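Below is one structure, written out as structure tokens; comments come after it.
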Amino acid sequence: MVNASPVPRPANGLEIVNQPQTEAEVESLRESLRGGRPLGHSDWTMATAERLGLEQSLRPRGRPRKAKPAVSDLFGGPVDEE
């Protein structure tokens, strides 16, 4: 037996859930599935990931990229730009 919904359902609820997703919604879903992260509004996602110990799923995979050196660092001093 299914319990009643805690919130009233809209009269056009079936129509709402059968609407196609936008490309942005599809990409958000793919990222969530690929990264094993919660799907939802960013504040909720961060709070849920923290509560479930999934903080690492919110960070990019792999090693952080090295910072590119400034041109002056490459040549050992300031560079005259004309």
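The values are calculated or read from the model by the stated rules, or taken from the named source; none is laboratory data. Predicted, not measured: the structure shown is a model, and the values here were computed from it. FYI the Cβ positions are ideal-geometry reconstructions off the backbone, even for glycines, and counts take in every protein chain you see.
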Is it the case that some residue within segment 9-21 is loosely packed, with under 10 Cβ neighbours inside 10 Å, under 30 Å from P60 (Cβ atoms) and hydrophobic (A, V, I, L, M, F, W, C)? no
Spot the failing condition for V7; the list is (1) modelled with pLDDT of 85 or more; (2) β-branched (V, I, T); (3) in contact with a helix residue (DSSP H, G or I) (Cβ under 7 Å, 6 or more places away or on another chain), and only one is missed. (3)
For segment 22-35, the count of residues that are surrounded by 10 or more Cβ atoms within 10 Å (Cβ to Cβ) and β-branched (V, I, T) equals 1
Does R63 count as among the basic types (K, R), at pLDDT below 90, surrounded by fewer than 11 Cβ atoms within 10 Å (Cβ to Cβ) and under 11 Å from the mean Cα position of the chain (by Cα)? no
